[in-house]
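Let me begin by presenting the structure, written as structure tokens, before commenting on it.
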Amino acid sequence: KAGLEKTRKSFTDKIEQLVVGYATIDDEFLDDLEAVLLSADVGVTTTTKLMTEIRNGIKNKQINSPDDLKPFLKDKISTMLVTKQQGETVPHQPPHVILVVGVNGVGKTTTIGKLASYYHEAGKKVLVAAADTFRAAAIDQLEVWGQRTSTEVIKHAEGSDPAAVAFDAVQAAKARKADIVIIDTAGRLHTKSNLMEELKKINRVIAKEIAAAPHETLLVLDATTGQNAINQAKLFGDAVALTGVVLTKLDGTAKGGVVIAINNELDLPVKWVGVGEGVNDLRPFAADDFAAALFA
Ligand code: GDP
């Protein structure tokens, strides 16, 4: 699967080396395996959980030799990911409102462009709201993506109220019978509390216009930041009701194991993965495919 090559190299190849390098499973083998999981950014909590499962697997004879390890791990990781994929969005009247949050630089604007393109290609009428009014560059960048994907961008002047932009976008979507509204938001973390209040206000304004909105709140995380991504998720999760994660830059990292950590530690499904800078480099995340690709 495109974008996972680096992770596969660091993860599967190392596991392969372990399997070949050891004739029997001993403490040293288990220590080395633990190090492989940690180096792929599976994270301490999730690694500990997997190691417990492996020790149990050895005890009850599901794992009898190093060779048994790959299928066992694949199965456990698959199960871990699939359980968190349930709870799809309930069908409702359009417009479907998607709020997109995340720290600056994670790939939020690019992701919104890719999402707009994805839905446009699927025959949907899409509107994008430039509610990161803090950065003029963010508004400009969205407009460039908008032109590229034939998507209308609702914007106000730099420095205006982000909630007002969101309000206008939802109004426009209703008036123009748009199917999907994607709302960009600011990602300046240095004024953390203000940002979180701003996100809450955007939420309140949208919910007043459309009862169940936002229908999705996607947190964009950069896979190359590894465990930092987990901390960002906790921070944003305290302010808004996240429904899923977009994990970007998976193509640029050997630390794709963070997908497993996000699913396991945050109780949040990874909905999309970014695997490049191009408009088509966004893929719906499929747990089975991911686990299969890791162990291909
Ligand atoms: P924002 O500040 O969160 O809006 O981030 P941008 O959308 O401006 O993206 C920051 C940089 O990351 C840009 O150079 C993007 O091209 C790049 N980027 C975004 N998503 C991906 C991805 O999935 N893969 C790669 N390789 N680069 C990405």
Stokes-Einstein, Kirkwood over Cα pairs, the range 1-131, 20 °C, 1.002 mPa s; D in µm²/s equals 117 µm²/s
Between the modelled labels at Arg204 and Lys74 (7 Å from Cα along Cα→Cβ) the distance in nm is 5.2 nm
In terms of the charge dipole of the chain, which places +1 on Lys and Arg and -1 on Asp and Glu at the beta carbon, the residue among Ala186, Leu294, Pro71 farthest towards the positive end is Ala186
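Which pairs break 27 Å Cα to Cα here: Lys124/Lys255; Lys76/Lys234; Lys6/Lys155; Lys201/Lys271; Lys201/Lys234; Lys49/Lys234?
Numbers: Lys124/Lys255 34 Å; Lys76/Lys234 25 Å; Lys6/Lys155 38 Å; Lys201/Lys271 25 Å; Lys201/Lys234 19 Å; Lys49/Lys234 20 Å.
Flagged as over cut-off: Lys124/Lys255; Lys6/Lys155.
Please give the contour-minus-distance gain from Ser39 to Lys234: 0.36 nm per residue of separation, less the Cα-Cα distance, rounded to one decimal in nm.
Values: separation 195, 0.36 × 195 = 70.20 nm, distance 2.18 nm.
Using 0.36 nm per residue and subtracting the Cα-Cα distance, I get 68.0 nm.
As a test of reading the structure, rank Arg176, Arg188, Arg283 by solvent-accessible area (1.4 Å probe, protein chains only), most first.
Output order, biggest surface exposure first: Arg176, Arg283, Arg188.
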Treating only Lys and Arg (+1) and Asp and Glu (-1) as charged, each at its beta carbon, one finds that the range 177-296 has a dipole about its Cα centre, in Debye to the nearest 20, of 380 debye
Here the alpha-carbon Rg of the range 140-296 over 2.2 N^0.38 Å rounds to 1.11
Relative contact order of the chain (C-alpha contacts under 8 Å, at least 6 apart) in percent is 27 percent
Note on the chain: helices (DSSP H) long enough, at least 15 Å by alpha carbon along their axis, and hydrophobic enough, mean Kyte-Doolittle at least -1.0, are 5-21, 27-39, 44-59, 69-83, 108-121, 136-148, 162-175, 192-209, 227-239
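Work out how much length Glu197 to Asn60 would gain on full extension: take 0.36 nm times their residue separation and subtract the Cα-Cα distance, in nm to one decimal.
Gain on extension, Glu197 to Asn60, equals 44.2 nm.
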In whole percent, the fraction of accessible protein surface over the range 84-206 that belongs to carbon or sulfur atoms, probe radius 1.4 Å, stands at 51 percent
Expressed as a percent, the portion of alpha-carbon pairs in the range 119-184 spaced more than 16 Å apart is 40 percent
Semi-axes (Å, rounded, descending) of the ellipsoid equivalent to the chain per its C-alpha gyration tensor are 40, 17, 17
Rounded to the nearest 10 Å², the 1.4 Å probe accessible area of Trp272 is 20 Å²
Over the chain, the sum of -39500 (n - 2.57) across DSSP H runs of at least four, divided by residue number and rounded to 500 deg cm²/dmol, gives at 222 nm -16000 deg cm²/dmol
Sorting Ser160, Ser150 on solvent-accessible surface, 1.4 Å probe, most exposed first, gives Ser150, Ser160
Bounding extents of the range 243-292 in its principal axis frame from Cα atoms, largest first in Å, are 29, 24, 18
Quick calc, the chain, dipole around Cα centre from Cβ unit charges on Lys, Arg (+) and Asp, Glu (-), nearest 20 debye, gives 740 debye
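The values are calculated or read from the model by the stated rules, or taken from the named source; none is laboratory data. Model, not experiment: these values are computed from the prediction. Positions of Cβ are generated from backbone atoms using ideal geometry, with glycine treated the same way; all protein chains shown enter the neighbour counts. To get the accessible areas, we keep the full protein, side chains included, count just its heavy atoms, and leave off ligands, DNA and RNA. Shrake-Rupley method; radii C 1.70, N 1.55, O 1.52, S 1.80 Å.
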